Amino acid sequence: MAIHDINDIDRLKKINQALISRVERSMEQHGNAFTLFQATISLEGQVKARTEELRATLRRLEQSNLDLVAAKENAERANLSKTRFLAAASHDVLQPLNAAHLSMSALADLQTSEEGKKLVRQVERSLETMDDLLRTLLDISKLDAGVVRPEVTNVPLEPLFAALRSDFQPLAAKKGLRLRFRPTALTVRSDRTLLSRILQNIVSNALRYTSAGGVLVGVRQRGGMVLVEIADTGSGIPADQHQAIFEEFHRGPITAHGELSGGGLGLGLSIVRRMVDALGHKITFRSVVGHGTVFRLELPIGAPVRTDGNAPATDVERPRGYGLFGTKVLLVDNDSQVLEAMRVLLERWQCDVRAAVSNDAALHHLGDTAWLPDIIIADQHLDQGELGTETVNQTRAYLQRNVPALIITADASDEMERVARATGAELMLKPVKPAQLRALLAHLLA
């Protein structure tokens with residue numbers, strides 16, 4: 001039936017509505033497909049953009065990692081250079097300190113009065129303290145580099161306290177303060193040198209920040225631990241500075257006069273923290289502003305060590321000669337002060353000394369066939385790059401005999417020990433302790 005033959009208006013409307021619905025569905029389907037196509041294209045563009053952003057981020061991250069590796073390598077090189085610099089600087093500083101040690105030992109032999117002997121012993125202890133503090137700088141550098149290995153032994157506390165009392169009593173007296181150490185027979189497990197420096201720094205700080213009253217060092221045992229407490233009546237530490245006192249260059253508060261209450265460089269407690277951590281000890285403190293501070297060091301208890309209570313008295317009277325009478329010593333050192341101090345000391349021990357500043361000068365002394373050295377004492381680092389070990393080898397070759405030799409140096413490296421062993425010589429580190437030198441000479445000559 002043709003459409004024009006349909007007279008039913010309602011039927012025509014239904015057909016028209018059906019046609020319209022079909023057309024709309026068809027358009028809607030095509031529209032959805034086109035929209036999907038557009039969305040796909042847009043999504044593909046977004047994926048490409050995000051991929052490029054991710055690649056750029058990865059490239060930046062890779063470059064950052066390379067920069068971090070380079071920065072780490074630079075920091076390690078800088079740390080190594082710092083250690084080497086401190087080692088070289090300590091050698092230069094140890095030269096005059098070494099000469100002072102030797103000169104004081106010779107001077108001690110000339111003293112006849114008790115007052116003179118007392119002053120010499122005080123100066124000797126001060127020189128030893130200077131030596132310890134100087135070596136602390138190098139040790140701290142090594143601690144930061146992680147190359148220090150503490151030598152933990154049984155350490156009696158009373159000898160450490162005696163040394164601290166001797167070092168700091170003059171300072172306490174000058175400030176009108178009381179410095180007291182409670183006697184103790186306890187022994188702890190620690191490194192003797194590092195523990196001594198820890199206590200030195202804490203006592204020094206206590207005296208520095210105390211203007212009235214004094215400092216008390218006491219010990220008590222708690223189970224398997226020994227508690228060493230250093231109490232002062234100083235200015236105290238404000239609560240807001242409790243976390244900062246172990247940082248480098250942190251110093252006390254400013255006084256009403258605009259000056260630092262304690263002075264100093266603010267390195268003492270930062271050094272203490274490093275050493276305590278290296279030893280595995282524990283340090284704590286409590287403080288009240290205006291009333292003082294108490295530092296507590298917790299140490300593992302050690303086995304008792306027998307000590308000679310009369311040891312200090314043996315240092316008062318020194319025997320002459322020490323069994324070295326007539327020993328012929330070839331002495332080589334490029335530092336005139338050290339050379340003269342060592343020569344005077346050896347001659348006080350009744351040795352026959354020939355001194356030289358170089359290899360050639362040492363060999364020149366050997367031209368006197370009536371004088372043949374019994375022992376060679378040589379500084380390792382001479383002028384013009386010459387080495388003491390070379391002097392020993394050349395002297396032995398010239399004399400055609402294996403003369404005992406002692407190499408003196410500030411270089412404490414493993415390489416230096418290897419070189420000395422290869423030369424067949426004993427090694428002694430600066431500054432030279434006269435008693436140790438005397439004992440080693442007697443051993444080599446025997």
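The values are calculated or read from the model by the stated rules, or taken from the named source; none is laboratory data. Just so it is clear, the model here is predicted, and its values are computed rather than measured. Positions of Cβ are backbone-derived with ideal geometry, glycine not excepted, and every protein chain shown enters the neighbour counts.
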Test: residue in segment 412-419 that is at pLDDT below 90, over 18 Å from Phe325 (Cα atoms) and outside any helix (DSSP H, G or I):
yes
Restricting segment 425-446 to residues that are in contact (Cβ under 8 Å) with a residue 24 or more places away in the chain and in a loop (DSSP other than H, G, I, E, B), the one surrounded by the fewest Cβ atoms within 10 Å (Cβ to Cβ) turns out to be Lys433
Hey, among the residues in segment 358-390 that are of a type in the set (A, V, I, L, M) and not in a strand (DSSP E or B), which one's surrounded by the most Cβ atoms within 10 Å (Cβ to Cβ)?
Ala362
Residue list for segment 168-189, restricted to those being over 21 Å from Ser235 (Cα atoms) and in contact with a Leu (Cβ under 6 Å, 6 or more places away or on another chain):
Thr184, Leu186, Val188
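Confirm whether Ala397 is part of a loop (DSSP other than H, G, I, E, B) and either surrounded by fewer than 17 Cβ atoms within 10 Å (Cβ to Cβ) or outside the structural domain of Cys351 (by TED's automatic domain parsing) (or both).
Values: part of a loop (DSSP other than H, G, I, E, B): no; either surrounded by fewer than 17 Cβ atoms within 10 Å (Cβ to Cβ) or outside the structural domain of Cys351 (by TED's automatic domain parsing) (or both): yes.
So Ala397 fails the test.
Kindly indicate whether Val215 is within 16 Å of Glu158 (Cα to Cα), in a strand (DSSP E or B), touching a Leu at 6+ places or on another chain (Cβ under 9 Å) and aliphatic (A, V, I, L, M). Can you show your working first?
Values: within 16 Å of Glu158 (Cα to Cα): no; in a strand (DSSP E or B): yes; touching a Leu at 6+ places or on another chain (Cβ under 9 Å): yes; aliphatic (A, V, I, L, M): yes.
Spelling it out, it is not the case that Val215 is within 16 Å of Glu158 (Cα to Cα), in a strand (DSSP E or B), touching a Leu at 6+ places or on another chain (Cβ under 9 Å) and aliphatic (A, V, I, L, M).
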Candidates Ala71, Ala100, Ala78, Ala89, filtered to the one that is at pLDDT 80 or above, in a helix (DSSP H, G or I) and either surrounded by 11 or more Cβ atoms within 10 Å (Cβ to Cβ) or within 26 Å of the chain's Cα centre (by Cα) (or both):
Ala71
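A quick yes/no check of all residues on (1) at pLDDT below 90; (2) assigned by TED's automatic domain parsing to the domain that holds Leu195; (3) in a strand (DSSP E or B):
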| site | (1), (2), (3) |
| --- | --- |
| Ser235 | yes, yes, no |
| Ala244 | yes, yes, no |
| Arg286 | no, yes, yes |
| Thr293 | no, yes, yes |
| Arg306 | yes, no, no |
| Gly309 | yes, no, no |
Would you be able to tell me the number of residues in segment 103-126 that are surrounded by fewer than 16 Cβ atoms within 10 Å (Cβ to Cβ) and over 22 Å from Leu339 (Cβ atoms)?
10
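Here is a yes/no grid of residues against (1) under 30 Å from Ala163 (Cα atoms); (2) modelled with pLDDT under 65:
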site: Ala39; (1), (2): no, no
site: Thr83; (1), (2): yes, yes
site: Pro96; (1), (2): yes, no
site: Gln122; (1), (2): yes, no
What about Leu207, is it at pLDDT 90 or above, on the phi < 0 side of the Ramachandran plot and in a strand (DSSP E or B)?
no
Result of the Cβ filter at 9 Å on segment 198-218, keeping first residues that are within 8 Å of Ile230 (Cβ to Cβ) and not assigned by TED's automatic domain parsing to the domain that holds Val228 and partners that are among the aliphatic types (A, V, I, L, M) and part of a strand (DSSP E or B), at least 6 apart or interchain, is none
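Scan segment 382-404 residue by residue and report those that are within 16 Å of Arg421 (Cβ to Cβ) and either touching a His at 6+ places or on another chain (Cβ under 7 Å) or not charged (D, E, K, R) (or both).
Taking segment 382-404 as the starting set, the residues that turn out to be within 16 Å of Arg421 (Cβ to Cβ) are 387-390, 392-393, 396, 402, 404.
Leu387, Gly388, Thr389, Val392, Asn393, Asn402, Pro404, listed by residue number.
Just checking, which of Ala145, Ala172 is hydrophobic (A, V, I, L, M, F, W, C) and either within 25 Å of Glu124 (Cα to Cα) or modelled with pLDDT of 95 or more (or both)?
Numbers: Ala145 fails: either within 25 Å of Glu124 (Cα to Cα) or modelled with pLDDT of 95 or more (or both).
After applying the criteria, what remains is Ala172.
Here is a list: Leu406, Leu345. Which entry is closer than 21 Å to Ala100 by Cβ, modelled with pLDDT of 90 or more and crowded, with 19+ Cβ neighbours inside 10 Å? Steps first, please.
Working: Leu345 fails: modelled with pLDDT of 90 or more.
Going through Leu406, Leu345 in turn, just one is closer than 21 Å to Ala100 by Cβ, modelled with pLDDT of 90 or more and crowded, with 19+ Cβ neighbours inside 10 Å: Leu406.
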